[in-house]
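Participant: Below you will find the structure I want to go over with you.
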Amino acid sequence: MIILYDTKELEFKTLGLGILRDAIKVSVTEELNGLFELTMEYPIDGYLFNELKFTRIICCKSNPYSKPQPFRIYSISTPINRTVTINAAHISYDLSGFIVDPFSAGNIDETITGLKTKVYGDCPFDYVHTVSESGELNVLEPKSVRSVLGGIHVSKAYQPDFTFDGLTVIMEDKRGSETGVDVVYGKNLIDINQEENNANVYTGVYPFWRDDDGNVAVLTERVVKTPGTWNYTKIYPLDLSNEFDTMPTQAEMKAFAEAYIEVYSLGIPEISLSISVLQLDGTDYEREMLTGKINLGDTITIQFPDAKVNAKARCIKTVYDPLRNRYETLELGDAARTLADS
């Protein structure tokens, strides 16, 4: 159900100004620590067309499993083919309009206290956290609450993942959980971008050591293989000269190379996949995915059968259709985004 509310609504417990039954298309896009917006196409002869105004709030679900979320209208297009496009940002973007005075904090709890007590005006937002990272934070000049949460402040000091749930800002070490859902690359998912990432996989490591006198040590077998079976060769030269003061033994060189491969996941493809649910109608994978309850931040296992290797990636972006209660797309990959990037 997609409900329209007046600008000052904070409870979202009634039917507000009415249900937007005439909506033609609605999608909610959410990125991990990034964009959180709604887009809606609505006919100009729809029942509530005249009630769609700037700063009013559209409330609907943002994924199949969450409670409805409020989105504040910031753009209404001119009619095209008797249809307008509405853009609305999650109500948490209102935090850009609340300013906090300068303050210092020695930990996350003191930071939250500062955000609540140093803010100018009646800010309706609350904050909860399960962050374990310690750190100090200094706000040296008046800033918006949202800019304090992102950038060089909260995002850098405590490195949290953010969840915005209505008027509550949730900060945790890692959003999401490990799922039991597998994506089998080449069988139920093919993506041209992943081909490029596969080609960047190293198939082995060539450790070596040398000193200033020209002495060189290499492994008898030369190369330590990385996981997987690839149809090409790409060897990484691993210089151990600064790791050992004297010439290392064969066992030391091999052990270091094996540890390096594990730490830096050499031989494991980087993941950059976009899953289109609409193209998976009726497949076993779609049913598995939907029953697996994939949420933003969850970790998915990606199987590469031809290479006999698995990799893990997080769900970093979702595009959800609240009219049909289903994802349009899920994006898997490495999340390098911070709140400030949005």
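The values are calculated or read from the model by the stated rules, or taken from the named source; none is laboratory data. What you are looking at is a predicted structure, and each value in this text was computed from that prediction instead of being measured. Glycine also receives a Cβ, built like all others from the backbone with ideal geometry; neighbour counts cover every protein chain displayed. Note: areas computed on protein heavy atoms with side chains; ligands, DNA, RNA excluded. Shrake-Rupley method; radii C 1.70, N 1.55, O 1.52, S 1.80 Å.
Participant: Using a ≥ b ≥ c from the Cα gyration tensor of the stretch 49-156 (square roots of the eigenvalues), is it rounded, prolate or oblate, where a/c under 1.5 gives rounded and otherwise the larger of a/b and b/c decides, a/b for prolate?
Facilitator: prolate
Participant: So, taking all protein chains as they sit and a 1.4 Å probe, how much accessible area belongs to residue 175, in Å² rounded to tens?
Facilitator: Approximately 30 Å² of residue 175 is accessible to the 1.4 Å probe.
Participant: Past the 23 Å Cα-Cα mark, which pairs from 67/118; 174/317; 61/293; 25/61; 67/174?
Facilitator: 67/118
Participant: How do the peptides 165-172, 55-62, 232-239 rank, highest first, by the average count of neighbouring beta carbon atoms within 10 Å per residue?
Facilitator: 55-62, 165-172, 232-239
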